[in-house]
Structures are given as structure tokens and as C-alpha cells.
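Any read-out appearing in this document is the output of simple, stated calculations on the displayed coordinates, not a laboratory observation. The structure presented is a predicted model; accordingly, all values stated were derived computationally and were not measured. With ideal geometry, Cβ positions are generated from the backbone for all residues, glycine too; neighbour counts draw on all protein chains shown.
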Amino acid sequence: MTLAYAVPPILAVVLSFIGIVQVSETGIIGASAIVTAVPGSAPTSNAGVAAALEHVARANGATIVRVVADRAAPTTRRAALVTNAPETEGARWLDDGYPDFARSMTTTVRPMAALDAFDPAGSYDVLGDERARQATVDALASAGYDVTSEGLSLAERLGVSDGLDGSWTLVGALGLGSIVLCLVGTIGSPRRTAVRRLHGHNVLSIVAAELSAARTTLLVAAAGIPVLAVGLWFYNRLAFAGWLGIAAVLCCALLLVPVIVAHATGTVLACRRPIADSLRGARPSGALLVLTQLARVPALLLLVGAVFDLTGAVAVARSGSAERDLRAAGATVQLWVTPDPRPGVDTQAYWDRIGRFTAAALDDRRALLSAGVEVSSGHGIDTTPALFVDPEYLDLRDVRAADGSRIRADEDRISVWLPAGSDIARDDFVRALADWDLRNAPDHLRHDFGGERLAPQDVYTYPGDSTARSWLGDAPLIVVPNPSSVFSVDQLGSWLSTGDVVFTSEEAAERSIAGSDVGHEFSAVVAVGQVAAEAVRRATAAANIAAASVGSSLVVTLVLATLSTLAHRRRYGRAQFARAAAGTPFIRANGSLLAVEGLLLAAAAVMTYNTWWDQRPDGSGARSVLDPIADASGVAGGSAVLSLVVVACVNVVVIARSGRNVVRTRGNGS
């Protein structure tokens, strides 16, 4: 019972810390609302917007913040444009700086007047009451913007919601274990309540006495606060420590509710049993046996989900070596198309403008094409990953043919190079490319292809994020001499937004942006590999959480299996002894337990198959073999099956050992 109350405070601190880190990296801690502005028909000047927001802040005693990512390092540096109303957070931040909670983010505070140098369209964080939010909406609307707003709940402001997202498996496993411990410690051990009833205590007083075990939570918290404070001091000099404390208290309260309810319910049910039976140690009821077996179902499903989460996170984290990727990336950069709401962003004309900008950059040799695409293999519905590149790519990357020569682009035809050892039929593959992926190419390029076989090697893809593999060793290489004449501007614009068109250097990107009419459409110039490295960092954290989820799910599953078996032995011990004395074979003597084990294993196997089916590469584009998580789905499915087999084997051992114990005690206890 003590363990059931010790888990929530520890888990609450972990979840709260994760949540506040995520909030601090994506927004402003403590914001009560988010107001989003999109340019309308006649927006006013940036200076006018800044002045209107300053007036709102002073009139309402609020702080309004526009967070802008640093173009050179958008995942680690940002600027916070804040209003300067007296005695507000904004004024304090302008004087003392913003206390970043996460060490991975550095925030530079600037006055809202600096909005002149930034795009005013986007999201504004409001730290104030409902009047401040509405006044901000009215001010931006008066400035010619289409405005939407969203109030944030206390859980969202504290990061509790973010902390729980992605951690439900861990929370579910530990919560289920705590609940079962409470039920087994009350319904399964009713002597304690029977003794109190003999002393004249009523049900309410017994429940209150039982719930005094919750003081364990206070003891754990009292012991952990100094340790947490010291750790925070070294981590961020206690920045937003108060917010973390409030978040931990709220999260702990949420986690304690089901534990307390289960404990109280179990105590009430234990009080309803006859005192004589409770004192004598009556066998567990049939309902308790059913409960312990049913509790194993969600535990097994949580275990399967945790194994898939862990395998996927590890696959992303190991999708490329950081040092190897950095050497391969060199000075190349990618552009981020502004994610904020923009006028016309959902129109074809908008993306055609982005595509024409991309085509010009490719023609000027300031950018290169490196697009990983899942294409038809030419045989039925089978697909294969392929890499489309241009001459600039081959100038930067040393790619070798099977005869050892360096591959160069052919100026007047497309080259298709198949990987070494591939069983792809070249003629069928080329025909499929010409019919679909190269359908917009001139006719003479669609009917005359060069290329032969690649030497065994890994080819770098210049990945944009964690959904693309950094290196391909089994993919055809399609060399396109002039991408702007082969692919539509819509396709080129799409590839720019996904990081499949990269610039040779930051200077080349800035020159292309400066000479175009779409410069304001790009929010960041990012070194290739930076986004992937950030994704790997997040995946590593996710892998740690998933590993904890797998460990806790496995422990909870094994504990529940053991408890259910022991409860069964206590109820049917004498019958089991009679069967053993009669020489009944093991399988027949333990048929009910083995049948339940088989049913649970079958249910978990179905869950494993469904999860694998949803994650596997299916050739439709929804799940590509280029995605590390999809590519690792087979390993995840095998690992999940292995974990289920381990659980089943352990429980069979428990069944056998408990059966021998029944024989030794002649069915009178186990």
C-alpha cells in the first residue's frame, strides 16, 4: 500500500518537468491566452501594431509577447518582443532578461517597438485576464488583421497537459499497478478492517484510517523537495521553480485521485464481508479473481504500446550518426517556410510562387536537389525508396558506380542507378518512373535513360527532419540534369518546404531570398542536420520515457500475473491438491489458469498485429519506408511478441511453483 502512494509524487515531478520544458521551448510560461493574427485586406504598419499592443498592455496591466525564432538557430535561440507596462512581467524581463527554464533555449528580450523588423502576422502570448485577451483581439482587428484567440487552461499554462502527452503509457502502467495494489491490499487482505470493526469503528472511520496511508505522499514530497531544489539550482538557477512546484502539486493530485478512490472502494467492500470470514482468512471471492485477471488486459496492451513507442524512438535516435551527418552536410542549409497563418497559403498560386523561387535557385546552382521519395518498383503495387538528385548534388557528394568511377550527371538525359545487389527489374522500374514521377519531363527525357549499377555504399539524403533517413544504402539513385524542366513548380515548392531542396551555403540562400519577392515567406535559414539533430534529441528523451514505460509495464504485468495466480491458488487450493494427489497431468490440473493465459496472450497478439499493421510501410505514402519508425515496425512487432512470450513463460513458472507449494501445504495455503 505504501508503494501505491509513493509513486504519484515522483511521477508528478517527472511529468511536470517534461511539460514545463516543452512549454518553455515553444512559448512563454504562464501565458493565459494565445491570440493569432492573419493579415486582412488593409493591415496597418508594424509600428502601429506595436503601439496598439503597448496601449492594451498599459490599460490592462498585462504583458503581450510575440516570440520570433532566430533565423540562424530557430530551435535554440529566439527573440521575445514584449510590452513594457509598469509592474508587469514584460517590464521585469526587459530589465533582467527572460529566465529560460530549459537550458536548450536562449531567449533575447526586446521591446515590442522592435516589431518593425519582424513579421507581425502570427501568434501573441497574453499574460493577463480575460479583458486583456479581448482587448488584444480588438487591437489587432482594428489594425487590419483577421484574429482568432484561445484561452489556456491552468493545466496548459503549467505544462501538465504537455507532460502527459506522450507519457500516457507510463502513467497508465504505474497508475494501474497502484490501483491493483490498493484493491489487493484491502479486498484481498480484509483482516485489518475486521479488527477495526471488532473495536466498534464504523465504515467511515475505517475508510479514514485506511486513507491515512496517503501521508506517504507527503513524506516522499518532504524528502524530495530539497533534492529537487538543489537539482534545479544547478540546472537553471531555480528559474520558474514556483511554476514547477504548482504543476507538480496539480499533477500529483490528478494521479492520486484514482488511487484514493480505489483504496476507499476496496476498504468499503472489505467492510461488507462477514467479520468471522475476514478473521479466519477466507478464500478470495470469485469477483476478486475476475478483477485481477481483467486488470492484466490493459497492462498487456500498455506493454505492447510501450514496446512500439520505445522501438520507434530508438529508431529515430539512431537514424544517423551526428558526427557523420555533420561532416556530410557541410555548409548546406535549408529554408523553413513560415508556419504562421498567411494570406493565400492554401492557394495554388502561393505554392507556385515558392516553386518558381526554388526553380530559379536550382538553375543558378545556389541550391541542390536531394529528394527521398517512395516510388513504384515497377512490379505490381510494390514500392521502393529512391533518391532524386541533380548535378550540384553529385559535385558535393562522391557517389561511385559499380566499376569504381565517380558518377557525374549526363547533361542531356536522366540517369537511373540501381543499388548493388538489387533485384529490381530495370526496364519495369524505368517505365514506372516515366509514367508517374517523371510525367512532367520533356518527352525526349522520358524515353532515354542512362545509368547502370551503384557500388555498395550509403548515400546521404540531406534530411529535413526525423521522418527521413539520413543515409540510404538500398535505394535507386535518379540523376536529373535540370530539375526545373522536369518537375512542376508545385512539386519543387513542396520539396523546398520539406527540406528536399537545400542551399549550398547560408550566403547562397540569403542571396536567393534577397533577389526574390517571397523573402518574407521564410522564417528560418537552418543548417542541414540541425532539425534532424533536434529531432534526435527529442527522440532520445522520448526513448528514455518509453524505456521507463516498458520497464514499469513489464513489472506491473508480471506482478498482476503473479497476484492473479496466487489468488486462484488461495481459492481453489484444496481442489488443486486433490488433482495433484490423483496424478492429474500438469496441463489438465492447471487448465483454467493456462486457458486464461492463452486468451490474454491471444488478445495481446491481436493488439500487436494491429499496431504493426498501422505502422508498417504500406506503399500508399502514409507510412513510407523512408520513415525510421515505419521501417522499424517489424522489429517493434517482434520485440512486442518477445515481451509477451517472456510474460507468459514467467507466469507458467509461477503456476508450476505455486502448484508445488499447494501440494506441500495440502491445499491449506499457498
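With r as the distance between the Cβ atoms of Ala42 and Val249 and R0 = 30 Å, compute the FRET efficiency 1/(1 + (r/R0)^6) and round to 0.05. That gives a FRET efficiency of 0.05.
Counting only C-alpha contacts under 8 Å and six or more residues apart, can you give the relative contact order of the chain as a whole percent? Rounded, it is 17 percent for the chain.
Find the percent of Cα-Cα distances in segment 331-527 that exceed 31 Å, and round it to a whole number.
So the pairs more than 31 Å apart make up 17 percent of the total in segment 331-527.
Placing R0 at 35 angstrom, the Cβ-Cβ distance between Arg324 and Asp119 gives a FRET efficiency of 0.45 after rounding to 0.05. Dipole size of the chain about its Cα centre, with +1 on Lys/Arg Cβ and -1 on Asp/Glu Cβ: approximately 5660 debye, rounded to the nearest 20.
If one computes P(r) from the Cα atoms of the chain, what percent of pairs lie at distances over 52 Å?
The answer is 27 percent, as a whole percent.
One decimal place: the segment Ala208-Asp618 gains 142.0 nm when fully extended, by the rule 0.36 nm per residue minus the C-alpha distance.
For His444 and Asp382, the FRET efficiency from 1/(1 + (r/R0)^6), where r spans their Cβ atoms and R0 equals 25 Å, is about 0.30. Shown in residue order for segment 582-593 are the 3J(HN,Hα) couplings computed by the Karplus curve 6.51 cos²θ - 1.76 cosθ + 1.60 at θ = phi - 60°: 7, x, 5, x, 4, 5, 5, 5, 10, x, 5, 5 Hz (x for Gly and Pro).
For segment 103-146, the residues whose backbone nitrogen is under 14 Å from a point 7 Å from the Cα of His55, taken along Cα to Cβ, are 135-144. Over all directions, the projected convex hull of the C-alpha atoms in segment 416-481 averages 5.2 nm² in area. Just add up the charged neighbours of Tyr5: K/R +1, D/E -1, any other residue whose Cβ is under 12 Å from the Cβ of Tyr5. For residues surrounding Tyr5, the net value is 0.
Simple rule: put +1 on each Lys or Arg Cβ and -1 on each Asp or Glu Cβ in the chain, find the dipole, and look at Val68, Ala4, Tyr350; the Cα lying farthest toward the positive end is Ala4. In segment 32-151, Cα pairs under 8 Å separated by at least six residues give a relative contact order of 45 percent. Only Lys, Arg, Asp and Glu carry charge here, each on its Cβ (+1 for the first two, -1 for the last two); on that basis segment 32-151 has a dipole of about 280 debye about its Cα centre. Taken along the Cα-to-beta-carbon direction at a fixed 7 Å, the label points for Gln134 and Asp412 span 7.4 nm. Exposed loop sites are taken as GluC sites (Glu not before Pro) in a DSSP loop (any state but H, G, I, E or B) with at most 16 other beta carbon atoms within 10 Å; the longest stretch of the chain without one runs 88-410.
Report, to two decimal places, the Cα Rg of segment 406-519 normalised by 2.2 N^0.38 Å (N = number of residues).
1.18
The relative contact order of segment 397-476, computed from alpha carbon pairs under 8 Å that lie at least 6 residues apart in sequence, is 38 percent. Note on segment 32-151: semi-axes of the ellipsoid equivalent to its C-alpha gyration tensor, largest first and rounded to whole Å, are 22, 17, 13.
Can you tell me the dipole magnitude for segment 331-527 around its Cα centre, using point charges on the Cβ only (Lys, Arg +1; Asp, Glu -1), in Debye to the nearest 20?
Dipole magnitude for segment 331-527 comes out near 140 debye.
Simple rule: put +1 on each Lys or Arg Cβ and -1 on each Asp or Glu Cβ in the chain, find the dipole, and look at Ala602, Leu626, Gly286; the Cα lying farthest toward the positive end is Gly286. The Cα atoms of segment 438-584 define a convex hull whose projected area, averaged across directions, is 18.9 nm². Proximity of backbone amide H atoms, modeled 1.01 Å from N, is registered between Arg77 and Asp70, Thr106 at under 5 Å, excluding neighbours fewer than 5 places apart on the same chain.
When the charge dipole of the chain is built from unit charges on Cβ atoms (+1 for Lys and Arg, -1 for Asp and Glu) and taken about the Cα centre, the candidate among Leu238, Thr311, Ala582 whose Cα reaches farthest toward its positive end is Ala582. Potential lengthening of the chain between Asn610 and Thr347 amounts to 91.0 nm, from the contour at 0.36 nm per residue minus the alpha-carbon distance.
Local charge for Ser205 was computed over the other residues whose Cβ lies under 15 Å away, with Lys and Arg +1 and Asp and Glu -1, and equals +2. Taking the DSSP beta bridges with both ends in segment 32-151, the antiparallel portion is around 75 percent.
Could you put Asp325, Asp403, Asp352 in order, starting from the residue whose Cβ has the fewest other Cβ atoms within 10 Å?
Result, fewest neighbours first: Asp403, Asp352, Asp325.
The overall shape of segment 535-619, judged from the alpha-carbon gyration tensor, is oblate: a/c is not under 1.5, and a/b is no greater than b/c.
A protection proxy built from the mean count of other Cβ atoms within 10 Å ranks the segments 105-111, 79-85, 138-144, most packed first, as 79-85, 138-144, 105-111. The H on the amide N of Val399, modeled in the peptide plane, is under 5 Å from the matching H of Ile407, each at least 5 residues off or on a different chain. In a Debye calculation with equal point scatterers on the alpha-carbon sites of segment 125-256 and no solvent, what is log10 I(q)/I(0) at q = 0.12, 0.15 Å⁻¹? Ignoring solvent entirely, the Cα scatterers give -0.76, -0.96.
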